[in-house]
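Worksheet: one structure, shown below.
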Amino acid sequence: MTQSTLFSTGATGMLTLALSFLTPAFQAQLDVDTLEVATATVSAVQAGDQDPFAVTNFQAEDIQSQDAAQDVPFLLRLTPSAVVSSDAGHGIGYTSLRIRGVDQSRINVTINGVPLNDAESQGVYWVDLPDLGSSMTGLQIQRGVGTSTNGPAAFGATVSVNTLGTLANPGIRAVLGGGSFGTLRRTLAWNTGMLQDGWSFEGRASRITSDGWVDRATSNLSSLYGRVAKRWNSGRLSFTSMLGHERTFQAWYGVPKIAVDSESTDEDILNWAEGSYEYNYGADTVRINDLLDRRARHNYYRYENEVDNYSQNHYQVHLDQSFGNWSLGGVFYATLGAGYYEQFRRGDELSNYGLSPLVLGDDTTLTTDLVRRRWLDNILTGTSWTVSQTSGSISQVYGVSRSFYSGDHFGELIWMDFASGAEPGDEYYRSLGEKTDMSAFGKWSGHISKIRWHAEAQMRQVLYETTGRDNDYSEIDIRDDLTFFNPKGGVTWTPSETLQGFLSFAVAHREPARSDYLDSPQDTPLKPERLLDFEAGTKKRGDGWAFGATLYNMQYTDQLVATGQLNDVGNVVRVNVKDSYRRGVELEAGVQLTPAFRFDANATFSQNKIAEFEETVYDYSDDFEYENRIVHEDTDIALSPNAVAMGMLTFEAPEDGAFAGLSFSLIGKHVGQQFLDNTTNDNRSLDAYTTLDAVVRVERSLATGQNLTLSVFGNNLLDAMYSATGWTYSYRFGGEESTVTENYVYPQAGRHGFVTMAVEF
């Protein structure tokens, strides 16, 4: 399917869904009670209350209470071991999530049991499904390998999103919000509730726009959600459609770290720029002047249409049917995406585009300014099926899944200063990536007195092939055929209703991503990663308090770790390291201080180490060895803080008091020092930071029958200047003493806020 076909199909689908779901929704009252929580395919990737894994569950009301129009990672920022960041600085647009130091390409994300991770890049692009939180009926985070059984194994966490709960009664929910940096949110959701014949209909239309905190980091995001379901005594059938479109100005280059430092003078920045390759050794005066003027809000990109323009449509059909004590569940799905990244390039080599030098008389031109579009037109189709049975104390689940991905990568030249025979719209590269992912699993559990045992086994086969020509005009011919066996097991001990403990062990494997095959600088062939995950935890609750602790030891073989560098579209460059580990303790506690006040907190203390890391530093002088290999031992893994903590004080007014419906939360978050690469060099690091946020909510039932909720979000009240992620690289011009290091960070917005008003009919 071409991009033009896809866009027209998506637009038609969005209009059809909006019209079909609008009419029946204009009826009566909204009730938050749901008739169903999860299908069998969702249950297959979620952990139960007594499974031996570290789990955090969210209900719809939990999500809505933190929903200020920001992307999903910012809704999850308060969970244990979580670190979030935003290219634009305020949580709208391109955002990222790390758990236990593990990035999104190693966190399994599913929506209704269907994988959201891109098959090739393995990343999660939340911006493609804006305002997803408005359609969630539940969400679960499993830290570690967890119990995810379909598709790739999780290396840091599993995020399971569920939108399949059906509201018991019909209603409409309208949300209007706005805030700092020109942010505006409009959401309209509707549902029919459960009709007498078992049918239900629901939908949502959303649009979010923002100027961004970083200069020009604008976002224009729109989405439609629709679901039709039929329920009968022994089963249900549903069709779900999620349509999203994003247009964001690029800000992935970050900001030179020196410009974020409040103690840096203009002279310091000018001196730094004279030694910076990225700023043309002081000659790029336009960018340097903007850097001096804007400092932390500086955007490297100046071209007015340096945008990412992408549409992604999700279609899912779920079937669940019971046969006595057996249950069958299945899903068919298709995810279609198409879009481009437009770039202005100054002084690019004509040969990079397969073009000959331009000869005019006695002059030969080898370079040109140009504008290019780099397209991705892709489709993922698949199906998953599970069958389960519970007989006495024994439960068993079996499942199979298969998916096929096809990604067409190609580039167009839309403008050139010196055309050299090229025409606008000419294609200069094309490659095709295809991936088949097949898996089968079994899961068994049972009780022996006060002990619940749990066992799983998964077989997975991955076939990946990409051929053609890459964007640098080099030939691609990559084929990989991998088979993995991933067993898991554990026990949960529940001696009383107030005390529980667990032990678990899991094996996981993960294949390299497309960019690893293409961009990794290592000389040896890339290897898949292997993880042995050992976890032990306990939970204890008393009268008005609760406490939990999880110990984890994640031992990696051939882990793919970030070198600190980025490729030319902002993806991290990674290499295999033979031996590495992540070890730590996660603590959680909550106490009801008074009938109105509650305090909740969590903290993670960890070590994230590589036994031996080989750094490559290039020397560009004529008299020195071009490539230098430096071996570092027992170093910290990049972007893996050793301390992450959160504390939240919440006030909820008594229901029978004068301030009924009023709630207030004060939230503190601390993230320790992080290193930008794997050398444990303080000169290539991010400082520790602490932020303070506040949320005020007022809920009222109006005399006309509607429910009104007003939420005020105050973020970074301490006005801290901080960055949660970044990148770095080093090079030389004549020996070790001439080493140049360039550090880039993604500063987050200072004091800012959002306001939302939700009306439920």
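Taking the numbered list (1) closer than 20 Å to Ala562 by Cβ; (2) not in a strand (DSSP E or B) in turn, Gly726 passes all entries but (2). Does any residue of region 399-407 turn out to be in contact with a helix residue (DSSP H, G or I) (Cβ under 7 Å, 6 or more places away or on another chain) and modelled with pLDDT of 95 or more? No, every residue in region 399-407 fails to be in contact with a helix residue (DSSP H, G or I) (Cβ under 7 Å, 6 or more places away or on another chain) and modelled with pLDDT of 95 or more. Regarding Leu97, is this residue in contact with a strand residue (DSSP E or B) (Cβ under 6 Å, 6 or more places away or on another chain) and under 29 Å from Gly750 (Cα atoms)? The answer is yes for Leu97. Counting only residues that are at pLDDT 65 or above and assigned to a helix (DSSP H, G or I), region 43-66 holds 6 of them. Within the set Phe502, Phe534, Phe547, the sole residue that is in contact with a Lys or Arg (Cβ under 6 Å, 6 or more places away or on another chain) and of a type outside the set (Ser, Thr, Tyr) turns out to be Phe547. Out of Tyr281, Tyr315, Tyr310, one residue alone is over 18 Å from Tyr746 (Cα atoms), without any contact (Cβ under 8 Å) to a residue 40 or more places away in the chain and not acidic (Asp, Glu). It is Tyr281.
Could you say whether any residue in region 460-467 is closer than 28 Å to Gly354 by Cα, surrounded by fewer than 16 Cβ atoms within 10 Å (Cβ to Cβ) and either modelled with pLDDT under 95 or of a type outside the set (Lys, Arg) (or both)? Yes - at least one qualifying residue is present in region 460-467. Summed over region 671-687, the residues that are of a type outside the set (D, E, K, R) and part of a loop (DSSP other than H, G, I, E, B) give a count of 7.
Restricting region 642-652 to residues that are among the aliphatic types (A, V, I, L, M) and surrounded by fewer than 17 Cβ atoms within 10 Å (Cβ to Cβ) leaves a set whose member that is nearest to Ser606 (Cα to Cα) is Ala643.
Annotation: of all residues in region 85-127 being of a type in the set (S, T, N, Q) and under 9 Å from the mean Cα position of the chain (by Cα), the one that is farthest from Leu184 (Cα to Cα) is Ser105.
Of the helices (runs of 4 or more DSSP H) lying entirely inside region 240-358, those containing at least 1 residues that are of a type in the set (D, E, K, R) and surrounded by 21 or more Cβ atoms within 10 Å (Cβ to Cβ) are 257-260.
Go through the residues of region 511-528 one by one and say whether even a single one is in a strand (DSSP E or B) and surrounded by 16 or more Cβ atoms within 10 Å (Cβ to Cβ). No: region 511-528 contains no residue that is in a strand (DSSP E or B) and surrounded by 16 or more Cβ atoms within 10 Å (Cβ to Cβ). Considering only residues that are under 30 Å from Phe613 (Cβ atoms) and either touching a residue at least 40 places away in the same chain (Cβ under 8 Å) or over 25 Å from the mean Cα position of the chain (by Cα) (or both), which ones fall in region 676-720? Correct list: Leu676, Asp677, Asn678, Thr679, Thr680, Asn681, Asp682, Asn683, Arg684, Leu686, Ala688. Considering only region 367-390, I want to know if a residue exists there that is surrounded by fewer than 21 Cβ atoms within 10 Å (Cβ to Cβ), out of contact with any Asp or Glu (no Cβ under 9 Å at 6 or more places or on another chain), of a type in the set (S, T, N, Q) and more than 30 Å from Pro487 (Cβ to Cβ). Checked against the condition, which is being surrounded by fewer than 21 Cβ atoms within 10 Å (Cβ to Cβ), out of contact with any Asp or Glu (no Cβ under 9 Å at 6 or more places or on another chain), of a type in the set (S, T, N, Q) and more than 30 Å from Pro487 (Cβ to Cβ), region 367-390 yields no hits at all. The set of residues in region 176-209 being under 28 Å from Tyr315 (Cβ atoms), in contact with a strand residue (DSSP E or B) (Cβ under 9 Å, 6 or more places away or on another chain) and of a type in the set (S, T, N, Q) consists of Thr187, Asn191, Thr192, Ser200, Ser206, Thr209.
What is the one condition in (1) touching a strand residue (DSSP E or B) at 6+ places or on another chain (Cβ under 6 Å); (2) farther than 25 Å from Gly226 by Cα; (3) among the small types (Gly, Ala, Ser); (4) modelled with pLDDT of 90 or more that Ser105 does not satisfy? With (1) touching a strand residue (DSSP E or B) at 6+ places or on another chain (Cβ under 6 Å); (2) farther than 25 Å from Gly226 by Cα; (3) among the small types (Gly, Ala, Ser); (4) modelled with pLDDT of 90 or more applied to Ser105, the lone miss is (1). Looking at this structure, is Leu702 under 24 Å from Ala174 (Cα atoms), surrounded by fewer than 21 Cβ atoms within 10 Å (Cβ to Cβ) and among the hydrophobic types (A, V, I, L, M, F, W, C)? Taking the combined requirement at face value, the residue satisfies it.
Candidates are the residues of region 446-493 that are within 27 Å of the chain's Cα centre (by Cα) and β-branched (Val, Ile, Thr); the one that is farthest from Glu349 (Cα to Cα) is Thr483. Could you list all residues from region 485-499 that are over 26 Å from Ala440 (Cβ atoms) and either in contact with an Asp or Glu (Cβ under 9 Å, 6 or more places away or on another chain) or surrounded by fewer than 18 Cβ atoms within 10 Å (Cβ to Cβ) (or both)? Those that are over 26 Å from Ala440 (Cβ atoms) and either in contact with an Asp or Glu (Cβ under 9 Å, 6 or more places away or on another chain) or surrounded by fewer than 18 Cβ atoms within 10 Å (Cβ to Cβ) (or both): Trp493, Pro495, Ser496, Glu497, Thr498, Leu499. Gln555 meets each of the listed conditions (1) surrounded by fewer than 16 Cβ atoms within 10 Å (Cβ to Cβ); (2) more than 24 Å from Ala457 (Cβ to Cβ) apart from (2).
The condition (being buried (at least 24 other Cβ atoms within 10 Å of the Cβ), of a type in the set (A, V, I, L, M) and farther than 21 Å from Ala54 by Cβ) is satisfied by just one residue among Leu129, Leu75: Leu129. Looking at region 223-231, is at least one residue within 30 Å of Asp568 (Cα to Cα) and modelled with pLDDT of 95 or more? Yes: one or more hits. Scan region 260-274 and give yes if some residue there is under 29 Å from Tyr310 (Cβ atoms) and acidic (Asp, Glu), otherwise no. Within region 260-274, not a single residue is under 29 Å from Tyr310 (Cβ atoms) and acidic (Asp, Glu).
Residues that are in a loop (DSSP other than H, G, I, E, B) and either among the hydroxyl-bearing types (Ser, Thr, Tyr) or in contact with a Phe, Trp or Tyr (Cβ under 8 Å, 6 or more places away or on another chain) (or both) were ranked within region 196-218; the one that is surrounded by the fewest Cβ atoms within 10 Å (Cβ to Cβ) is Gly198. For region 717-734, the count of residues that are closer than 29 Å to Gln250 by Cα, surrounded by fewer than 16 Cβ atoms within 10 Å (Cβ to Cβ) and of a type in the set (D, E, K, R) is at least one.
Between residues in region 92-111 that are part of a strand (DSSP E or B) and crowded, with 24+ Cβ neighbours inside 10 Å and residues that are among the polar types (S, T, N, Q) and at pLDDT below 95, which pairs lie under 6 Å by C-beta distance while being six or more apart or on different chains? Going by the 6 Å Cβ cut-off, the qualifying pairs are Leu97/Gln104; Asn108/Ser148; Asn108/Thr158; Thr110/Ser160.
In region 555-660, counting only strands (runs of 3 or more DSSP E) that sit wholly within it, the ones holding 2 or more residues that are within 26 Å of the chain's Cα centre (by Cα) and among the polar types (S, T, N, Q) span 572-592, 597-619.
The values are calculated or read from the model by the stated rules, or taken from the named source; none is laboratory data. What you see is a predicted model; the values in this text were computed from it and never measured. Counting neighbours? That spans all protein chains shown, and the Cβs are built from the backbone with ideal geometry, glycine included.
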